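The values are calculated or read from the model by the stated rules, or taken from the named source; none is laboratory data. Treat the numbers as computed from the prediction; the structure is a model and nothing was measured. Neighbour counts are summed over all protein chains in view; Cβ atoms, including those assigned to glycine, are modelled from backbone coordinates with ideal geometry.
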Amino acid sequence: MTSRTTRSLAQRSLKGRQLAAISVVAVAALGLAACSSGKSNAGSSGTPTSGGSSSTTASASQPAPSGSSAGGDLNGGKPVTLTWWHNANTDPGKSAFQKVAADFHAAHPNVTINVQPFQNEDIKTKIPIALQGTPPDIFQQWGGGALAQQIQSGKIADITQFTQSWIGDLGKGAAGWAVDGKQYGVPYDYHVVGFWYRTDLFQKAGISDPPATLDDLLSDITKLKAAGITPIALGGKDKWPDAFYWENFILKECPQDTIVSSLNAKKLSDPCFVKAGDDLKKLIDAKPFNSGFLSTSAQQGAGSSAGLLANGKAAMELQGDWEMAVIPPLTSDKQVASKMGFFPFPSVSGGQGTPGAALGGGDGFSCSTKAPDACAAFLQYLTSVPVETELIKANAITIPSNGKATDAIADPTLKKVLAYLQGVTYNQLYFDQYMTAAIGNAINDAVSNFIAGQGSSADLAGTVAKAASQ
Amino acid sequence: MSTQSRTTTRPGEPGPGVGPSGEALGPDRAKVRSGPRSSLRQRTELTILLGPALVLFVGFVLVPIAVAVYYSIYKWNGFGPLKDVVGFGNYRRALTDTVFLHSIIHNVIIAGLSLLIQLPLSIGIALLLNRKIRGRTFLRLVVFAPYVLSSAVTAVMWSLMLQPGGFIDHLSKAVGIGAHTWLADIHIVLYTIFVVASWQYMGFGIVLLLAGLQGIPSELREAAALDGATAWQTTRMVILPLLGPTIRIWIFLSMIGSLQLFDLPWIMTGGGPANASSTMSTYLIDKGFHSYEFGYGSAVAVILFVICFVFALLYQRFALRRDTQGALTRMVR
């Protein structure tokens, strides 16, 4: 759980997995009309319908609410105020989201959105408490096992009927926000995890191509160390960056079926899971990490792992696409973006992992039961091509959930990441989010302890079953 | 606690000023209880004075405790109905979980170090600052300043100074200790946090002790001097014994603070690495909010409460008793 949170901490709320991009079903956005069944254009109350058109025709600079569920019909035309909790509590995300809310209100005057940004760690503790009482009407949602637990509160709306006509635009990734085939949330961006590296430091150490295998990686680590460069920055204090390593090794060692069925059975008994731990041990034994990595945070300040990379104090970091948004504020080097490169997690010899597998996730929002149609319409608007295009341009998101908005990505490195994402056939949600919170947290703790030198590979693989039994 | 509740006035009782077992009651109390005629006024007064506090205490202390006890017998993730009763299962799990047991030990280590290191240091500095030295006011201010900072600010500030290659590393290299990963070394991290906690809280203890020192009449010191006592003898035989009540209060506050220690480790290390700096409170928040195990988290909270409560009761009974005499009308026998 911690993971998602902090990840997005960059507060540009980035995240995203790519799936969307891939499957980008070209179903047109005209969706909602079907659900709110034709009533929409019935000339109900003052519908200024900005542009009044489908998203595709709206100009990028003035995104109009997409779909045809025109204004006044939402919530039966009655005025309603929706409270929106999101974690983009700093700019550019904060003002970008504020503008989205204002634009939506302009198009649907009876729907007022009261925007309340929270710091990421805050929102993580506030949401479970709010779900025990009165939850906000639109709130940050990372999907997966935690979502499945949250819906037990009965306070998260099943918005399937409002989203089915357009959710296809968001690709397969949107299934991460569904439970038992029912949509309980909508992602607005996707994430994928891989190695970010400093091209200048690689050059300095005489490394021409980024490593493709674990053995390459180990030999590059030796070269970097010989050149006096810290090979890898790791934010071990936050634990989820630790877990990225183990989970990526699992994706290289175990085929998709094994991973999915084992996670669902809450028991990682296949030997490949132990092998993943052994691989990780091999990496740890090469001592590639920055000094004090066990207490280094991932994203806060120049001393964080992202900060070390930003300032050229380390050559690599295993992180999601959000890294490109996290790094620039952590250094005075204005050229830092041009020095960054990306390569997928290296393969291991003899690994049975499914080719095209990757680790990722995304950010989204869930709706309360107060006015699910209005909330869903807002999420449709938020994830429409013009709005996501704007969000990308504002650097509020990195990889949009709507595949058709990916054209707006301008950074050459991010384009590479996007291309990688589009080639991914199996994007596994981070384990800590995929499983229930208790198991997810136990996984992060266990990998963190493993990297600190405690426990064996077998203990590590046994964590899931042990946590599930408690 | 029974002590206080039993003291609340029974207007009809005879013999104002003296309890049944004959000990003197506090002077204030004796004055108030001037006879049955004032009983109505007294009740009104008590209602007005105690009412709001009582409502707050019940609403924000007793009820939450009761609710936590109730939750703690369930396996509950915080969502949906409470239906999975596990009885003492959560308690059993906590008391067999090595991470939690280590957390308790960490709390006890912090408490012990406070007694052994903070207390003598605080007394020493307080004695020093109580003398007429140049810049005394300024020095007092400097000593007290860290306490004014919020724990979050303290934690972030020290995290920055303690990071590899940071200020503390330069300092420790200069004095020959050498650089260490102060927060990343599982053998050191708890002590690092203790030092930061001392830096933050010692100022408060020193001010408390200074206030105690000011309360010692200078005549006593003069009398000791006339009798030919050395400075050390005066301190040892006169000052310290009279400082007793203040020291006992300081110990009480320090112990409770150590048992509840949360913000510094939470912000600086999150309880890590490998749980080496976890405390009962960080463990409880981690389980409750990060793992969505609110039933289990409640059980841990109840255990933490019981530990603090039992300590407080015992300390009241055995250490603070003399000091509170006069403040309470009737002591527990």
Would you mind telling me which numbered condition in (1) within 25 Å of A:A446 (Cα to Cα); (2) surrounded by 13 or more Cβ atoms within 10 Å (Cβ to Cβ) B:S122 fails?
(1)
Within the range A:97-120, how many residues turn out to be in contact with a His (Cβ under 9 Å, 6 or more places away or on another chain) and in a helix (DSSP H, G or I)?
1
Residues B:V195, B:V153, B:V143: which one is surrounded by fewer than 18 Cβ atoms within 10 Å (Cβ to Cβ), assigned by TED's automatic domain parsing to the domain that holds B:W232 and more than 21 Å from B:V108 (Cα to Cα)?
B:V153
When (1) hydrophobic (A, V, I, L, M, F, W, C); (2) touching a Pro at 6+ places or on another chain (Cβ under 7 Å); (3) surrounded by fewer than 24 Cβ atoms within 10 Å (Cβ to Cβ) are applied to A:V179, the one that fails is (2)
Screening A:A286, A:A315 for residues that are buried (at least 24 other Cβ atoms within 10 Å of the Cβ), aliphatic (A, V, I, L, M) and modelled with pLDDT of 95 or more leaves only A:A315
(1) over 28 Å from A:P92 (Cα atoms); (2) outside any loop (DSSP other than H, G, I, E, B): which one isn't true of A:G353, the others all being true?
(2)
Return yes when A:Y381 is modelled with pLDDT of 90 or more and either within 17 Å of A:Y188 (Cα to Cα) or in contact with a Leu (Cβ under 6 Å, 6 or more places away or on another chain) (or both) and no when it is not.
yes
Restricting attention to the range A:56-95, which residues are closer than 19 Å to A:K404 by Cβ and either modelled with pLDDT of 80 or more or of a type outside the set (A, V, I, L, M, F, W, C) (or both)?
A:T56, A:T57, A:S59, A:S61, A:Q62, A:P63, A:P65, A:S66, A:G67, A:S68
Do any helices (runs of 4 or more DSSP H) entirely within the range B:135-201 hold 1 or more residues that are within 14 Å of chain A (Cβ to nearest Cβ) and over 19 Å from B:L121 (Cβ atoms), and if so, which?
B:151-162, B:167-174
Counting just the residues of the range A:111-126 that are touching a Ser or Thr at 6+ places or on another chain (Cβ under 9 Å) and of a type in the set (A, V, I, L, M, F, W, C), which one comes out surrounded by the fewest Cβ atoms within 10 Å (Cβ to Cβ)?
A:V115
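Can A:D169 be described as out of contact with any Leu (no Cβ under 9 Å at 6 or more places or on another chain) and buried (at least 20 other Cβ atoms within 10 Å of the Cβ)?
Working: out of contact with any Leu (no Cβ under 9 Å at 6 or more places or on another chain): yes; buried (at least 20 other Cβ atoms within 10 Å of the Cβ): yes.
The answer is yes for A:D169.
Has the range A:399-410 got at least one residue that is more than 17 Å from the chain's Cα centre (by Cα) and closer than 21 Å to A:Q140 by Cβ?
Taking the range A:399-410 first, the residues more than 17 Å from the chain's Cα centre (by Cα) are A:404, A:407-408, A:410.
Applying the additional criterion that residues be closer than 21 Å to A:Q140 by Cβ yields none.
No.
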Please go through (1) part of a helix (DSSP H, G or I); (2) in contact with a strand residue (DSSP E or B) (Cβ under 6 Å, 6 or more places away or on another chain); (3) more than 24 Å from A:C367 (Cα to Cα) for A:V424 and return the number of the only condition it doesn't satisfy.
(1)
Residue among B:V306, B:V300, B:V310, B:V238 that alone is touching a residue at least 60 places away in the same chain (Cβ under 8 Å), assigned by TED's automatic domain parsing to the domain that holds B:Q163 and among the β-branched types (V, I, T)
B:V300
For the range A:309-331, how many residues are free of Cβ contacts under 8 Å to residues at least 24 places away in the same chain and within 12 Å of another protein chain (Cβ to nearest Cβ)?
1
Count of residues meeting criterion [more than 22 Å from the chain's Cα centre (by Cα), within 14 Å of chain B (Cβ to nearest Cβ) and not in a helix (DSSP H, G or I)] in the range A:140-171
2
Residues of the range A:294-308 being more than 7 Å from chain B (Cβ to nearest Cβ) and either touching a residue at least 40 places away in the same chain (Cβ under 8 Å) or surrounded by 24 or more Cβ atoms within 10 Å (Cβ to Cβ) (or both), in sequence order, are A:T296, A:S297, A:A298, A:Q299, A:Q300, A:S304, A:S305, A:A306, A:G307, A:L308
Name the residue that is nearest to the other protein chains (Cβ to nearest Cβ), counting only residues in the range A:443-466 that are buried (at least 24 other Cβ atoms within 10 Å of the Cβ) and of a type in the set (G, A, S).
A:S448
Being outside the structural domain of A:D137 (by TED's automatic domain parsing), touching a residue at least 40 places away in the same chain (Cβ under 8 Å) and over 20 Å from the mean Cα position of the chain (by Cα) narrows it down to one of A:K370, A:K339, A:K416, A:K334, so name that one.
A:K339
